[in-house]
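Read the structure below first, then the notes.
The values are calculated or read from the model by the stated rules, or taken from the named source; none is laboratory data. Values in this document were obtained by computation on a predicted structure and should not be read as measured data. A quick note on method: Cβ atoms are made from the backbone with ideal geometry, for glycine too, and the neighbour counts reach across all protein chains shown.
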Amino acid sequence: MNKPGTLKSIFTESSKAREITVIGYLPAGFPDRDSFRGCVSLLSQSGIHIIEIGIPDLSPNMDGQVIADAVQETLKQGVTVDEAISLGGDAIENSRIAGVAMLYYSTLEENGRGRILSALKKNGFCGILVPDAPLKEIGAFSRSASDSGLQTVGFIPARAKDEEIEVIVAGTTGFIYVQSYQGTTGEQFRANEELIRRLEKIKMLASSGKLPVAVGFGIHTNNDLKALHYAGVDGAIVGSAMVEAAGKGMEMFVRFLTGLLSDKGE
């Protein structure tokens with residue numbers, strides 16, 4: 001199995017195949033340490049090439065109930081920030097999937113920005129997503145990540161203003177993550193006119209840096225993927241639905257992936 005390339009190159013390969021790039025999400029160590037490794041391996045085997053790995057936080061402010069409960073479960077099992085990075089590194093190395101660490105700004109700063117970035121690179125992660133990074137810190141954070149050999153995923157909130165979007169895009173080196181609606185993860189996704197208009201504006205801004213644009217929050221089904229692909233979106237992030245399926249055991253996880261990924265390019 002070949003090692004994954006850059007995040008941009010993964011999107012490029014999907015585009016050549018006329019498919020949408022699907023990014024999975026799981027908290028490191030969920031539902032337990034061994035099952036987590038198995039789930040990541042199944043993601044790779046199923047054709048998902050990027051996994052967003054959640055690093056634990058005591059107060060995940062954007063996570064809906066499903067993800068918040070899953071993160072709490074990993075904390076109960078004693079998974080620390082350092083172990084989460086190690087677990088994630090083992091899983092992505094063994095499965096040859098591209099790994100993006102997802103953590104909140106407080107976790108990054110409390111554990112030492114330089115130390116965390118260095119640990120992520122050492123453990124084989126290729127990217128980092130900090131969805132609540134303060135706007136004024138995005139430039140410096142992006143430079144620090146790049147100096148550490150990590151690509152940044154720029155998170156654009158649903159209510160971001162044009163000038164804020166420009167700052168986020170300028171600080172992104174991997175791909176853009178667009179929040180599909182205002183609120184926490186796990187609600188119902190709808191490809192409505194407001195989202196389509198917003199995506200058109202973001203894609204135009206992202207095109208100068210040739211940055212792929214992905215949408216997350218509320219993506220549950222194959223129909224959701226098709227709707228986004230039809231709208232010209234490069235990628236989709238599947239979080240709560242994937243976490244919920246993983247919590248039901250390997251058999252249900254395989255069933256979920258099979259249904260999610262059937263005909264994803266049509």
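Things worth noting here:
- Tally of residues being surrounded by fewer than 20 Cβ atoms within 10 Å (Cβ to Cβ) and under 19 Å from the mean Cα position of the chain (by Cα) across the range 200-219: 2
- Scanning the range 128-156 for residues that are out of contact with any Lys or Arg (no Cβ under 8 Å at 6 or more places or on another chain) and loosely packed, with under 14 Cβ neighbours inside 10 Å gives Pro134, Leu135, Lys136, Gly139, Ala140, Arg143, Asp147.
- With respect to the conditions (1) surrounded by 15 or more Cβ atoms within 10 Å (Cβ to Cβ); (2) within 16 Å of Ser46 (Cβ to Cβ); (3) polar (S, T, N, Q), Ser262 falls short on a single one, namely (1).
- Of the helices (runs of 4 or more DSSP H) contained entirely in the range 100-209, those carrying at least 2 residues that are at pLDDT below 95 and among the basic types (Lys, Arg) fall at 193-207.
- Among residues of the range 20-54, those that are buried (at least 24 other Cβ atoms within 10 Å of the Cβ), small (Gly, Ala, Ser) and either in contact with an Asp or Glu (Cβ under 6 Å, 6 or more places away or on another chain) or farther than 23 Å from Ser180 by Cβ (or both), counted: 2
- Options Leu117, Leu129, Leu75, Leu87; residue that is farther than 20 Å from Phe155 by Cβ, under 18 Å from the mean Cα position of the chain (by Cα) and not basic (Lys, Arg): Leu87
- Residues of the range 1-36 that are over 15 Å from the mean Cα position of the chain (by Cα) and outside any helix (DSSP H, G or I): Met1, Asn2, Lys3, Pro4, Gly5, Ala17, Arg18, Glu19, Gly29, Phe30, Pro31, Asp32.
- Residues located in the range 234-266, provided they are part of a loop (DSSP other than H, G, I, E, B) and modelled with pLDDT of 95 or more: Asp234, Gly247, Lys248, Gly249
- Restricting the first member to the range 5-18 and to residues that are small (Gly, Ala, Ser), and the second to residues that are modelled with pLDDT of 95 or more, the beta-carbon pairs closer than 6 Å and six or more apart or on different chains are Ser14/Thr21.
- Any hit, the range 132-146, residues being closer than 21 Å to Gly235 by Cβ, touching a helix residue (DSSP H, G or I) at 6+ places or on another chain (Cβ under 8 Å), hydrophobic (A, V, I, L, M, F, W, C) and in contact (Cβ under 8 Å) with a residue 40 or more places away in the chain: no
- Only a single item in (1) more than 16 Å from the chain's Cα centre (by Cα); (2) assigned to a strand (DSSP E or B) is not met by His229, and it is number (2).
- Within the range 82-98, the set of residues being part of a helix (DSSP H, G or I), surrounded by fewer than 18 Cβ atoms within 10 Å (Cβ to Cβ) and not small (Gly, Ala, Ser) comprises Asp82, Glu83, Asp90, Glu93, Asn94.
- Checked against (1) at pLDDT 95 or above; (2) over 17 Å from Val153 (Cα atoms); (3) surrounded by 21 or more Cβ atoms within 10 Å (Cβ to Cβ); (4) acidic (Asp, Glu), Asp57 passes all but a single condition, namely (1).
- Residue match in the range 166-177 (condition: within 23 Å of Val66 (Cβ to Cβ), crowded, with 16+ Cβ neighbours inside 10 Å and among the aromatic types (Phe, Trp, Tyr)): yes
- Any hit, the range 37-56, residues being in contact with a Phe, Trp or Tyr (Cβ under 9 Å, 6 or more places away or on another chain), outside any strand (DSSP E or B) and more than 22 Å from Leu257 (Cβ to Cβ): yes
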